[in-house]
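Undergrad: The structure under discussion is supplied below as structure tokens; questions concerning it will follow.
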Amino acid sequence: MIRQAVILAAGLGSRFGSRTKEMPKGFIEIDGIPIVERSVRKLIEAGVEDVIIGTGHCASYYEDLSKRYPCIRTVQNADYAATSSMGTLAVCASLVEGDFYLLESDIIYDAAGLFVLANDVRRDVILASGATESGDEVYLAYGSDGRLSRVGKDKAKVLGPSADSSPVAELVGISKIGKVTLDKMLAYYKSDPALKKIDYETVLAQVSVSMESPVFVRRVEFYAWAEMDDEAMLDRAVKHVWPRIQENESLHAVRREVLLDPGPSTTSDSVKYAQVCPDICPREAEFGSLVGWCAESLTSFVADPKDYTCVMFGCSGTGADEAMVSSCVPPGGRLLVVDNGAYGARLAKIASVYKIDMDVFKGSPSEPLDLAALEDAFKSGRYSSLAIVYHETTTGLLNPLEKICPLAKRYGLVTLVDAVSAYCGMPMDLDALGIDFASATSNKHIQGMAGIGFVICRRSELEKQKDWPMRSYYLNIYDQYRFFEETGQTRFTPPVQTFYALRQAILETRQETVERRFARYSGCWNILVAALKEMGLKMLVKEEHQSHFITAVLVPDTPRYSFTRMHDYAKERGYTIYPGKLGNIGTFRIANMGDIRPSEMERFVGILRDYMHSIGVC
């Protein structure tokens, strides 16, 4: 798995004349997006979490870009005017930790190239193409084993004496390089001051030939890519290459189905494709590192990993709830469960199955909880633990945990929170909220695939479970935690490919940020609420108490209404909606969770309006 990339972006771009006098050529736009930004997006989609950009000319452009893409770090080559691409790579090298992609900043390319390099078993590989006739080709000569031997712009010199037998290809500007080879490149570069203006590809050839570190050429004959050094090359890229790239990448686009249900949520194609990875035994250290990285990352969205830890299972969000309830109520303790919707009732059902001593505090599914009455229950001294749902998925009601959990802590209760449909949908600080255990899942706001449930645990409370008798074998949180801490493995076979999708979802959440994700969800919710009002449809929960994630809509008072027909009407147009879950109140639910955009919500409300018009509602 390649986690880092280096983009060489220090050059003056002088052949573009006035166009790049006060702007790096990486910021030349095609279809309204700078070419270097497109490259960064492709790298994120390929699973890269750290993009190092070596800057020089007009470095502030890249610094501004890094403010929008948290994965970007910039390093300035102060001597960029007097050095070449190897000089820029040298200033970036100290940040490189392992295998990495090395890219030039002035190229557009089919994302398949990154996939090809990632799946090439060889460590050091240069991506190459057949003849492009672009006008400024860099040629690569290589042997029958694919090993790079010579590089240069003079094709005859590159071919050398073996012109009849030595294969030749064109340098694309994308390579996969190992840390050992990078160190050898640096050693060669620093060995002679006369090499100050040398290019990185020339150094790669030197390393491959004379430093016992073979660099291989992977030729993709009709690969779609283009470099842009002047106006003629830009014109060729826009007219001839960019349309090919768009067409090629469209062939891999997954049919878009927008899920407006409470979960699983709509995912990006890059999350879906992250599951297409080499098979790996989950007992390998590499996979254990992936699981540990996911656990720490999931924790860091809502808490300090020094104080909290994430324990994961192969299960649904309900499985995570069951692990939490069955593991975190002490032997002899008594649990108070808040039930103001189907998911609060589910927590109570789980507790009853495990024969945990319990009382239920009933609340309205559409109105805020009676906090005074709840505090009276806390005051009674009867309870060791509180279980409550943060966002009641039945109705879209958001329980005010910022008031409830600190209150429970004041009276000595340990707090267990079903955060399944709240986690990563909005900013959340477990410690500030007074939450000791929070359950969640990989398939809602984190925008991964279904199959991983997890509980984020306050370490000090988790450690108290060390000697407690186990109520559940598979779902015991402390045993799962202890085993992973000791071995770097899960106790039982995990959903391996789902973890790779989760990793990609985490990267994309980091990139968007939880704050911006909540703003996007809220934007979709605002569109929906305005349309419901315009259609005359009523919502179950008052706006000020809604989560902005799920809206329970009262069914219209007409015999012509049918949820099934409405569902099918929307489904035929690419949208999935969900029925209500309150037996005594007729509702249907519309969620704005997952990888959905305001433009898609705009289209959906038009579909809903058309259906309602067809039954005489509006």
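Undergrad: Name the pairs: first residue in region 15-42 and acidic (Asp, Glu), second residue open to solvent by 10 Å² or more (accessible area, probe 1.4 Å) and modelled with pLDDT of 95 or more, Cβ to Cβ under 7 Å, at least 6 apart or on different chains?
TA: Final answer for the pair search is Glu22/Cys58.
Undergrad: Among the residues of region 115-136, is there at least one that is within 24 Å of Asn248 (Cβ to Cβ), of a type in the set (A, V, I, L, M) and touching a helix residue (DSSP H, G or I) at 6+ places or on another chain (Cβ under 6 Å)?
TA: Yes, because at least one residue in region 115-136 is within 24 Å of Asn248 (Cβ to Cβ), of a type in the set (A, V, I, L, M) and touching a helix residue (DSSP H, G or I) at 6+ places or on another chain (Cβ under 6 Å).
Undergrad: Right, next: Counting just the residues of region 100-130 that are out of contact with any strand residue (DSSP E or B) (no Cβ under 6 Å at 6 or more places or on another chain) and open to solvent by 50 Å² or more (accessible area, probe 1.4 Å), which one comes out farthest from Val172 (Cα to Cα)?
TA: Ranking the qualifying residues of region 100-130, first place goes to Val121.
Undergrad: Only residues in region 91-104 that are β-branched (Val, Ile, Thr) and at pLDDT 95 or above count as the first member; pair them with residues that are assigned to a helix (DSSP H, G or I) and surrounded by fewer than 20 Cβ atoms within 10 Å (Cβ to Cβ), Cβ under 9 angstrom, at least 6 apart or cross-chain, and list the lot.
TA: Val96/Lys179
Undergrad: Please go through region 222-258 and give me each residue that is assigned to a helix (DSSP H, G or I), among the hydrophobic types (A, V, I, L, M, F, W, C) and either in contact with a Leu (Cβ under 6 Å, 6 or more places away or on another chain) or under 25 Å from Tyr273 (Cα atoms) (or both), ordered by number. It would help to see each step written out before you state the result.
TA: Going residue by residue through region 222-258, those that are assigned to a helix (DSSP H, G or I) are 231-250.
Among the residues that remain, those that are also among the hydrophobic types (A, V, I, L, M, F, W, C) are: 232-234, 237-238, 241-242, 245.
Across region 222-258, the qualifying residues are Val241, Trp242, Ile245.
Undergrad: Sticking with this one: Just need a number here: residues in region 23-68 that are acidic (Asp, Glu) and over 23 Å from Glu515 (Cβ atoms). Talk me through it step by step, then tell me what you get.
TA: From region 23-68, those acidic (Asp, Glu) are 29, 31, 37, 45, 49-50, 63-64; that's our starting set.
Then keep just the ones that are over 23 Å from Glu515 (Cβ atoms); that gives 29, 31.
Qualifying residue count for the region: 2.
Undergrad: Another one. For region 68-166, give me every one of the strands (runs of 3 or more DSSP E) that falls completely inside it and has 3 or more residues that are more than 27 Å from the chain's Cα centre (by Cα). Give the derivation first.
TA: Working: elements: 72-76, 100-104, 107-109, 125-129, 139-142, 148-152.
Where strands (runs of 3 or more DSSP E) fall fully within region 68-166 and carry at least 3 residues being more than 27 Å from the chain's Cα centre (by Cα), they are 125-129, 139-142, 148-152.
Undergrad: Same structure again: Considering region 556-590 alone, what residues qualify as being touching a residue at least 12 places away in the same chain (Cβ under 8 Å), open to solvent by less than 60 Å² (accessible area, probe 1.4 Å) and in a loop (DSSP other than H, G, I, E, B)?
TA: Answer for region 556-590, where residues must be touching a residue at least 12 places away in the same chain (Cβ under 8 Å), open to solvent by less than 60 Å² (accessible area, probe 1.4 Å) and in a loop (DSSP other than H, G, I, E, B): Pro556, Thr558, Tyr561, Gly574, Ile577, Gly580, Leu582, Ile585, Gly586.
Undergrad: Residue under question is Ile527, and the condition is that it be assigned to a helix (DSSP H, G or I), closer than 19 Å to Thr299 by Cα and in contact with a helix residue (DSSP H, G or I) (Cβ under 6 Å, 6 or more places away or on another chain); does it hold? Before the answer, list the steps.
TA: Numbers: assigned to a helix (DSSP H, G or I): yes; closer than 19 Å to Thr299 by Cα: no; in contact with a helix residue (DSSP H, G or I) (Cβ under 6 Å, 6 or more places away or on another chain): yes.
Judged against the criteria, Ile527 is not a match.
Undergrad: Could you please find all residues in region 234-275 being of a type in the set (A, V, I, L, M, F, W, C), touching a residue at least 24 places away in the same chain (Cβ under 8 Å) and under 30 Å from Phe454 (Cβ atoms)?
TA: Pass one, region 234-275, residues of a type in the set (A, V, I, L, M, F, W, C): 234, 237-238, 241-242, 245, 251, 253-254, 258-260, 271, 274.
Checking which are touching a residue at least 24 places away in the same chain (Cβ under 8 Å) leaves us with 234, 237-238, 241-242, 245, 258-260, 271, 274.
The answer is Val258, Leu259, Leu260, Val271, Ala274.
Undergrad: Just to be sure I understand, how many residues within region 510-524 are in contact with a Gly (Cβ under 9 Å, 6 or more places away or on another chain) and open to solvent by less than 50 Å² (accessible area, probe 1.4 Å)?
TA: 3
The values are calculated or read from the model by the stated rules, or taken from the named source; none is laboratory data. For clarity, every value in this text was computed on a predicted model and none was experimentally measured. Note that we place each Cβ from the backbone using ideal geometry, even for glycine, and neighbour counts take in every protein chain shown. What goes into the accessible areas is simple: the full protein's heavy atoms, side chains included, and nothing from ligands, DNA or RNA. Shrake-Rupley method; radii C 1.70, N 1.55, O 1.52, S 1.80 Å.
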